[in-house]
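J.: The structure under discussion is supplied below as structure tokens; questions concerning it will follow.
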Amino acid sequence: MRCPFCKANNDKVIDSRESTDAVMIRRRRECVGCGRRFTTRERIDEMDMPLRVIKRDDTRQSFERRKILSGMISACQKRAISMQDLEEITQRIEEKLLDGPEREVSSRVIGNMVMKELKKLDKVAYVRFASVYKNFESPEDFAEIAGEVIADSKEKPAKSKRTAKASADARGASGADAAESVAP
Ligand SMILES: [Zn+2]
């Protein structure tokens, strides 16, 4: 830090104090050249502040990437989705959150980011994740989101074959094992 009196660039910090909102840090410095004292105020680099997640009940927790990953792994059971795909999604979401301006992010925002990614990757996994995340309680909840997925696939005819199969899988997800066991 350049001394405002003699312009020498050699000082020692004799006192540091965070502002009450912990955004600025005030440092009392002494110039080694002329011995005079001066104060600097520096913004704390927000990127050094840890990311926290605001839960539904308004409590805060440290952000943990493995929670994103494990939520997706459950949703992707028995789907043709590689671990690498899920790692990449987790990485993308984590980077977006860490690079963003907020140091506190609601779990709802993170859940929506995961849903957006899963929707592009696999419709069945998307519906499953949404059912847990949005706490589905009735068949109507599933019908609504399945309808949305089917409507989406009709808008994009290029992908209709794949998504039509995915939505069929979604409807039969719980019956799939039973169907296999009765097959000849
Ligand atoms: Zn000086």
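J.: List the relative contact order of region 48-171 as a percent without decimals, with contacts defined as Cα pairs under 8 Å and 6+ residues apart.
T.: 25 percent
J.: Indicate the gyration tensor shape class of region 54-166 (rounded, prolate or oblate), computed on the Cα atoms with a ≥ b ≥ c the square roots of the eigenvalues: a/c under 1.5 is rounded; otherwise a/b larger than b/c is prolate and the rest oblate.
T.: Values: a/c = 1.98, a/b = 1.52, b/c = 1.30.
Cα axes put region 54-166 in the prolate bin.
J.: Kindly provide the Kirkwood hydrodynamic radius of region 1-125 in Å, to one decimal, from all pairs of distinct alpha carbon atoms. Write out the running numbers ahead of the final one.
T.: Values: mean 1/r = 0.0557 Å⁻¹.
One over the average 1/r among Cα pairs gives 18.0 Å for region 1-125.
J.: Which pairs break 18 Å Cα to Cα here: LYS55/LYS119; LYS67/LYS120; LYS78/LYS123; LYS96/LYS134; LYS123/LYS154; LYS120/LYS154? All intermediate terms of the calculation are to be shown ahead of the outcome.
T.: Numbers: LYS55/LYS119 23 Å; LYS67/LYS120 20 Å; LYS78/LYS123 13 Å; LYS96/LYS134 22 Å; LYS123/LYS154 13 Å; LYS120/LYS154 15 Å.
Cα-Cα > 18 Å for LYS55/LYS119; LYS67/LYS120; LYS96/LYS134; rest within.
J.: Go through 131-144, 27-40, 113-126 and give me the packing order, highest mean Cβ count within 10 Å leading.
T.: Numbers: 131-144: 12.4, 27-40: 14.4, 113-126: 20.9.
Per-residue Cβ counts within 10 Å, averaged per peptide and sorted highest first, yield 113-126, 27-40, 131-144.
J.: Something else about it: At a Förster distance of 45 Å, what's the computed FRET efficiency of ASP58 paired with ILE14, Cβ-Cβ distance as r, to 0.05? Working shown, then result.
T.: On the way: r = 41 Å, r/R0 = 0.90.
Efficiency computed from Cβ-Cβ geometry: 0.65.
J.: Explain nothing, just the number: dipole magnitude of region 66-105 about its Cα centre with +1 on each Lys and Arg Cβ and -1 on each Asp and Glu Cβ, in debye rounded to the nearest 20. Each step should come with its number before you reach the end.
T.: On the way: 7 positive and 8 negative charges, 59 e Å.
Here region 66-105 has a charge dipole of around 280 debye.
Read the figures in this text as sums done on the coordinates, not as results from a lab. Worth saying up front: this structure is predicted, and the values here are computed from it rather than measured. Virtual Cβ from ideal backbone geometry, glycine too; neighbours counted across all protein chains shown.
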